[in-house]
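Only one structure is covered here, and it is reproduced in the block below.
The values are calculated or read from the model by the stated rules, or taken from the named source; none is laboratory data. The structure displayed is predicted, hence computed values, not measured ones. Every residue, glycine among them, receives a Cβ derived from its backbone with ideal geometry; neighbour counts consider all protein chains shown. Just the protein is used for accessible areas: all its heavy atoms, side chains included, with ligands, DNA and RNA removed. Shrake-Rupley method; radii C 1.70, N 1.55, O 1.52, S 1.80 Å.
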Amino acid sequence: MLSIVQATKSRRTRATLFNNVIIISFPSPPPPSTNAINPPIHHHPLFYYSTASTIPIQQLNFNPTSTSQQHIVQSFKEWFQLPRNDFMDRIFQILGAKDQVDDVALSQLGLRLNVSLVLEVLAHGFRNKQILSCLQFFDWAGRQPGYSHTRSVFQAIFKILSRAKLTSLMLDFLDTTRYRGNTAVPGYHATLVLGYSVAGKPQRALQMFGKMRFQGLDLDVISYHVLLRSLVEEGCFDAAKEISKQISLRGFENHMTHSILVRSLCKQKMVDEAHSYLRQVIQLGGAKGKGHGDAVGVLVHAFCQKGLFDKAAHVIEEFKELGVVPMEPAYGVWLKNLVQDSKLDGALEFLKSKNSSEGYVPEIFHYNKLLCRLLKENRLTETCDLLLDMMEDGIPPNQITMDTALRFFCKGGMVDVALHLYKYRSEFRLSPSFLSYSYLINSMCEEGYTDEAYNVFKNHADQGYFPTRTFSLLVKSLCRERKLGKLKELMLLIKMQDKGHKATRRQFRAVIRNIFDMPNPESQFLNLFARQISNNACNCEVYNDFIGGAAHAGKPELAREIFELMKRHGIQPNVGSFILVLKSYLKSNRISDALKFFDELRQIMKIGRKLYSRLIIGLSEANREDLALIYFTEMRSKKLVPTNECYEALVQKLCYKKQYDEVVDLVKNFDRDGRHVTSFLGNTLLLHCLKSGELYDAWIRSTEHETSSNLSHLGQLIGVFSGHFGGIQQIDNLEEMIKQCFPLNLYTYNLLLRRLITSQIVDAFELLNRLRQKGFEPNLWSYYILLCGLLKHGRIDEAKRLADEMISKGFDATDHTKQLRKLICSYEQTSMDEIN
């Protein structure tokens, strides 16, 4: 087999790697999977046998003994085992073995302690997120004879603590050191200046700097720049200006100074000025511009953050043409911003172009970010290509790379490969994340590897790994395959509880819900209940877990039985117990039983806000808004204020029943209670405004003489969305109107898209871009709204491009999207007929 390290970048290599599995592109996607979020790899144009045009791998005996799979596993094993620093691994193995540092074991390594070695160890530990081990080594090294920490070592440990968000620990250390006042230590004051600067406390750093200058001491070039950067990061621009003058006077000005000053201008929103300043500095400095790569990166990042990606690309080319600036830092920043802004095609194209033309190879963390984002968006072809590029280039993977590869094989339906790599994990020190464990277990359950999934779950439960969704899926798989022994072992949950892993109500629900798919479900349920109360202190919480589980499984009789057992066993029910029993009746549409239980409670106790609200919400969800309104009125008459959820459930149901007068009355009550309109409430009103003008008519009838400013703004917004105020509406104006009434979320932006798409289609797409800049990702409804708008306006080509983007995001297997595909085809055919 061809060694991974020696492999060349050719399609032949990749065909060899996957043993007749070739990577090809199709003019149109294969039939969509029924699972839009996690499509099997054999439904993707990624892995197809060359001998049979459309036969998936899994149907061609792709099993653990097949040559092709062994080849893939072996290839990835070789890649994962690329040469590493075993000496460093040995150091951190000793450091991580015990809570206390093993001085003897470290001493036996024969380390020749010097500043370079200590810095290398700290850097290695930080890269691998072994923060505690870094601190232990720093402490151990500082106690060794013949060695003393220098300011550069202190700066390194300070940076590690700061980036690990352990600033409070660092400040404690600095304050303790300052109060001891051990000025005999070389560089005592400078170390404190460094520490406070890195900790984000430049004011304290300036105080220590003032004491130094009073004693005739000064900082070195590195310390000056650390202080300057801290001042800029904390927005102390005037002080930063003064320190930069001091740096210049002492002849310390260099590329670090320029980079920090560029950052300062960018933080003050003076990006164009920063651009001019940096261009001037480099042009005047000539060959000295070789140190300004970081400054160009700062500038590129600033333009990207403003959404000016074209300008950022121009900056990269401009400084590249000067020929004196190393562009790797700027390339890395550019890649990072493209990935963060979901411009993945641009990132891939840039990486490919710069790799072929300049031999550019990004840092491993840039590769990892791109891999993770591609995988998140179900772009399996590109994920595979990038993994193979890294493998063929001999780029040593780190934990995140291996973790991503494991998830790739799970998501792609190649569970056997993922499981084999997992089993070999100790050979290359792979420590999968909890997310990867979830993918692995979920994939094994879906593919029928229930025993293996059970073993993986069981092995890692002791480490505190106990995700609810994965647990639920495993329980369901065990029930489906009637593996009662393993299910019983998994259900007692007692072992995990003994080790401190408390089972959540949702986990109990998962067990109980699946119990009812087994033989003798009620007997299984009661046996589990009996064992739980015999192994735990009998308290209300244990009973509530089972009441809630039975309610969730739609078994109100069992829920009530456990409730009665609680009382007979002398356990006092709490409000949560009453709510769970009430919910069990309402969820099963047993309205009369729910009201009877509520009346029983009224005979023995004073009903509070929570119980009333739960009853009203349940009645609303059960389409008994008439009864819900009666109890709502009764609740308010007793001076009890309904919860937000109570109002939301009633308004939503009444809107769907077009009882808009009652809706407006509820909103007025909400305002009188001193509440601010919630996003859910506001979105519900706007949704129904888009359907008709009836809500606005009811609003006018009911609020004609209202003086509340909140209601006035909301009324104007309802009028705009109902179409009662004609003319073009600016996006900024609409956003501002909504902000005055309630907080915007993705649902709100989708409503805005729906409002704009009918007549302001350009504004709708501008809003889509702004939505992404605000950190929102369009969902299926967003795409559906835009596609419908494009088709309505006859913009078929744009609709096809948007549909392709939607499919690449994984939104491809719903009735709505299938209808849209048919619509696109029909519109396209109509256009061709008209041309002909």
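Step through the residues of segment 257-267 one at a time and calculate ³J(HN,Hα) from phi using the Karplus curve (6.51 cos²θ - 1.76 cosθ + 1.60, θ = phi - 60°), rounding each to whole Hz and writing x for Gly and Pro.
4, 5, 4, 5, 5, 4, 4, 4, 5, 5, 5
Using the structure shown, list the pairs from Lys567/Lys610; Lys306/Lys774; Lys77/Lys458; Lys129/Lys343; Lys411/Lys800; Lys336/Lys376 with a Cα-Cα distance above 19 Å, or answer none.
Lys567/Lys610; Lys77/Lys458; Lys129/Lys343; Lys411/Lys800
Top to bottom by accessible area (1.4 Å), largest first, where do Glu648, Glu805, Glu522 land?
Largest accessible area first, the list is Glu522, Glu805, Glu648.
Roll a 1.4 angstrom probe over the protein heavy atoms and tell me the percent of accessible area of segment 375-487 that is carbon or sulfur.
47
Take the alpha carbon gyration tensor of segment 227-347, find the square roots of its eigenvalues, order them as a ≥ b ≥ c, and report rounded if a/c is under 1.5; if not, report prolate when a/b exceeds b/c, else oblate.
Note, shape of segment 227-347 comes out oblate.
Just read off the accessible area of Ser342 with the full protein assembly in place, 1.4 Å probe, to the nearest 10 Å².
20
Of the peptides 599-605, 351-357, how do they stack up when ordered by the mean number of other Cβ atoms within 10 Å, highest first?
So the peptides 599-605, 351-357, ranked by packing, come out 351-357, 599-605.
Remind me, relative contact order of segment 195-270 in percent, using alpha carbon pairs under 8 angstrom and six or more residues apart?
Here the relative contact order equals 29 percent.
Considering only protein heavy atoms, what is the solvent-accessible area of Phe680 at a probe of 1.4 Å, reported in Å² to the nearest 10?
90
Averaged over every viewing direction, what's the projected area of the C-alpha convex hull for segment 523-571? Give it in nm², one decimal, please.
3.0
Given the Cα-Cα distance of Lys639 and Val115 and 0.36 nm per residue of separation, how much length would full extension add, in nm?
This chain segment gains 181.5 nm when fully extended.
So for each of 471-480, 419-428 I average, over its residues, the number of other beta carbons within 10 Å; can you give me the resulting order with the highest mean first?
471-480, 419-428
Can you pull the Kirkwood radius for segment 360-485, inverse mean 1/r over Cα pairs, to one decimal in Å?
After inverting the pairwise mean of 1/r, the radius is 15.3 Å.
Would you list Arg229, Arg801 from the most to the least accessible area, probe 1.4 Å?
Arg801, Arg229
Each residue of segment 424-431 in order: what ³J(HN,Hα) in whole Hz does its phi give by Karplus 6.51 cos²θ - 1.76 cosθ + 1.60, θ = phi - 60°, with x for Gly and Pro?
Per residue, the Karplus-derived 3J(HN,Hα) values read 8, 4, 5, 5, 10, 6, 6, 10 Hz.
Kindly provide log₁₀ I(q)/I(0) values, in the same order as q = 0.13, 0.17, 0.20 Å⁻¹, from the Debye equation applied to equal alpha-carbon scatterers of segment 332-393.
-0.28, -0.50, -0.70
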